[in-house]
1. For residues that are touching a residue at least 40 places away in the same chain (Cβ under 8 Å) and of a type in the set (Phe, Trp, Tyr), scanning just the stretch B:43-68, find the one that is surrounded by the most Cβ atoms within 10 Å (Cβ to Cβ).
2. Out of the stretch B:262-314, which residues are among the charged types (D, E, K, R) and part of a loop (DSSP other than H, G, I, E, B)?
3. Select from the stretch A:1-52 the residues that are more than 21 Å from A:Asn72 (Cβ to Cβ) and free of Cβ contacts under 8 Å to residues at least 12 places away in the same chain and write down the one among them that is nearest to the other protein chains (Cβ to nearest Cβ).
4. Does B:Val303 satisfy the condition of being in contact with a Ser or Thr (Cβ under 8 Å, 6 or more places away or on another chain), over 30 Å from B:Arg204 (Cβ atoms) and either surrounded by 10 or more Cβ atoms within 10 Å (Cβ to Cβ) or of a type outside the set (Lys, Arg) (or both)?
5. Kindly provide the set of residues from the stretch B:511-535 that are more than 9 Å from chain A (Cβ to nearest Cβ) and farther than 22 Å from B:Tyr565 by Cα, ordered by number.
6. Looking only at residues in the stretch B:434-467 that are farther than 18 Å from A:Leu17 by Cα and outside any helix (DSSP H, G or I), which one is nearest to the other protein chains (Cβ to nearest Cβ)?
7. Could you identify the single residue in A:Arg111, A:Arg117 that is assigned by TED's automatic domain parsing to the domain that holds A:Tyr20 and crowded, with 19+ Cβ neighbours inside 10 Å?
8. Out of the residues in the stretch A:63-84 that are open to solvent by less than 10 Å² (accessible area, probe 1.4 Å) and of a type in the set (Ser, Thr, Tyr), state the one that is farthest from the other protein chains (Cβ to nearest Cβ).
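The values are calculated or read from the model by the stated rules, or taken from the named source; none is laboratory data. Since this is a predicted model, take the numbers as computed values, not measurements. Cβ placement follows ideal geometry from the backbone for every residue including glycine, while neighbour counts extend to all protein chains displayed. Note: accessible area is taken over every heavy atom of the protein model, side chains too, but ligands, DNA and RNA are not part of it. Shrake-Rupley method; radii C 1.70, N 1.55, O 1.52, S 1.80 Å.
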Amino acid sequence: MPNILICDDEKDIVAALRIYLGSEGYRIFEAYTGKGAIETVRREDIHLILMDIMMPELDGIKATARLREDYNIPIILLTAKSEDSDKILGLNIGADDYITKPFNPVEVIARVKSQLRRYVSLGGMAKKSSVFRIGGVELDDEAKTVRVDGEPAALTPIEYNILLLLMKSPGRVYSSAQIYEQVWNESAYGSENAVAVHIRHLREKIEINPSEPRYLKVVWGLGYKFEKEG
Amino acid sequence: MNRLRQSVTAKTIAALLSAVFFAGALIGASILTAVSGIYVLPGESAYYGSTWCYDKTVEIAGEVALWYYANDWMDESALSAEARERFGPDKTNLGFRLIVEERSGPDTFDSGSAATQEAQRSETVLLESYIPERAGFHMRYHYADLVVECYVSSPLTAADEFWEDKNIFDRLAAEQDMISLLLGVCAAGLLVTVVVLCLSAGRRGDSAEITLNGLDRVPLDFYLLADGLFIVFLISTIDGLFYGTGLHGVVAVIIPTLCYLMGLAALLTIAARAKAGGIFKNTLVYRSWRTLYGGIKRVCSAVTDTAGMIVKNARVTFKAGFAFIAAQLINVCLAAGFFTGGGPFFFFLGAIFNFLLLAGLCVIAVNLQRLQDGAKRLAEGELDFRVDTARMFADFKTHAERLGRIGEGMSIALEQRMRSERLKTELITNVSHDIKTPLTSIINYVDLLDKESLTGQPQEYVEVLKRQSARLRKLTEDLVEASKASAGMVNLSLEKTGVCELLQQGLGEYEEKLAQGNLETVITAPEAELYVMADGRLLWRVIDNLLNNACKYSLPGTRVYFNVYRLDDQVGILIKNISKERLNIDADELMERFVRGDASRATEGSGLGLNIARSLVELMKGSFSISADGDLFKAHIRLPCWACSL
């Protein structure tokens, strides 16, 4: 079973996470400072780190930067800071994901699982021309299947077609009317609402936290897009 | 009594009574004057000495003269016969002789004695009706160049107008005492009504105050003048009416009575004005005097104030005065030089001097203009604007520098304010970070407790803990967001944003929540998409908050209306929903932080939603307002349209 290091100066939070993740069968290691975390990683075989940002001795950002010099294990930052600038800094320094406090335990487990799957089981798979893979989402247009972090997602044909359209040109913004016309093959006339509803359902199926999507993003007032990788 | 005095009807009746009394007194007095006969001849009836007889004689004599003029084409004997026939003693009591006066000798205007003029006059009798044996009244009536010598016979022989008159006269003369009594009563009544009317003038209804009616507000002098002119007009009509209508008696009574009423009205308005005070203030003369006086006073005070100002600021005025006098002196000297034979040299010198003077004045004007410009920009908020002090006189320069210092001070104060606002936001942010850490533990352990498959009371307690901790979490998040939005510490990227697209997207997000509340949505928008200049993410936050409110507070089974329209260079979004609860607070109050529609705070929510929405819309240079009309709640967003702000 994968080994997970939980690092937070707040012992109650560490204990709570230990209960949640332990119940999923992971082996848990604990640290209360950035320094402690680095020492644990050097000593033990750690597969994933959950790291708080504000900690004594060495904070989470610096610890992440130092760990990245030697290791490529997934690091998820846990923090009370919710500003966009903090998130960007954390991700730039080498973190793989970001969870803001107060967090939903279910979400933490989902994100941990997602990161572990990508780290452990998904390597560099041979890429077929009919396969679109962006981040953890993989769409095989021949088999008409969609996998998220290796797990198959059950999509309806319309959801599948919408996802295919968006994944074909990641980063491009499609308006509701455009999506409607391309997927339904009819002129959009007051039916844009249907698109919005389908997108929401789609998001619920491929995103860990649908209200903070990583892949399928809403560009408010313009349309929808599939986030480019990187 | 008072009420009677103050009733309009009573007053009108009193005025009419007064007029009747006046007319009665007038009639009585004239009858008495006539009857008491001033010109009574010995042994004759008083009638012959009365004005009645006189007036009648004059009237008939006039008729005779007119008749003569109409018939003088006839020959003398025929005329004479006709006259005897027409004016015989059995037909009329007036005997007459028609005489023409002729003046012998040339007309001279030299001042001869009256006696000689008399002597030069001769008379020719043209016609004679008859001369009664005994004449009670005799007169010579001049009508143009005719003289009618009249005799009224005594006793009367014919039943003519004289006879009728005399009958009435004699009857009235017998009733002299009664008429005197009537006159007395009328005079007393007149006096009483006038006094009563004067006393009640200006009083109306139950009010103890003096009320002036419309007429009482007309300037007094104007009123009296108009009144007087009307009376004069009435009197001037008497003659015409008297002889024109033949209704002598009626005219002789009605016209004076009308005059009396006009006079009474004047008297009453004077009385009312006197009671109200300031009888002369409401006159044209007084008003014009006041205006004139006020004007003079203003001019005088302006002059004295200016003089006072000049004296008080002696230091500056001395400078200006000195410069002025010096310039004048130099000009005078130069002129003197020019005229005493200095010629072109002094003229040239004078030209240069005055040119320099003009240049100096222009520089002063420019300096002033610069200072004004600087102050204006400062007032408009351009705090780092500095006045260009090049080529400025010393005094203006110091002023310009001081203006600059004001600007500096103001920008420092402004910066401090901004900084304190930022500090406040930072404080709130930091505190909320510190709250979030323990909150995380609370939420997690409550969740763990929840999983412990508790039953009964403990399970209920955990439910409460779960709900309240979720609320606390939402509250801290909203608090940070609200303080950031109101301090403007939000990353703003204004871009072309489609309003209808955004609404569709939003409704897609809220589809389930709306269905839960059994709410139907109705969008009215123009066919072509309307684009605004906004940050889509922030605009979504606004719509998100409003949709959230609509779901939370709408009456289930009603409709939520979205109205998108364009007005000039703005795009408006109007959201209307029917409130579930009675909105018992003011619409503006709802936008204050922590205020919520249900005073009981039964539902979840921080009460910050509308406040955040307003701050965000204002950040995007739009305006946000809400209003409640009964249960209809309206939120109104206006944003600059995309094409217009380019």
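1. Checked the stretch B:43-68; the qualifying residue surrounded by the most Cβ atoms within 10 Å (Cβ to Cβ) is B:Tyr47.
2. B:Lys281
3. Within the stretch A:1-52, the match that is nearest to the other protein chains (Cβ to nearest Cβ) is A:Asp12.
4. Judged against the criteria, B:Val303 is not a match.
5. Those that are more than 9 Å from chain A (Cβ to nearest Cβ) and farther than 22 Å from B:Tyr565 by Cα: B:Lys513, B:Leu514, B:Ala515, B:Gln516, B:Gly517, B:Asn518, B:Leu519.
6. Per the stated criteria, the residue is B:Ser453.
7. A:Arg111
8. Once the filter is applied, the top-ranked residue is A:Thr64.
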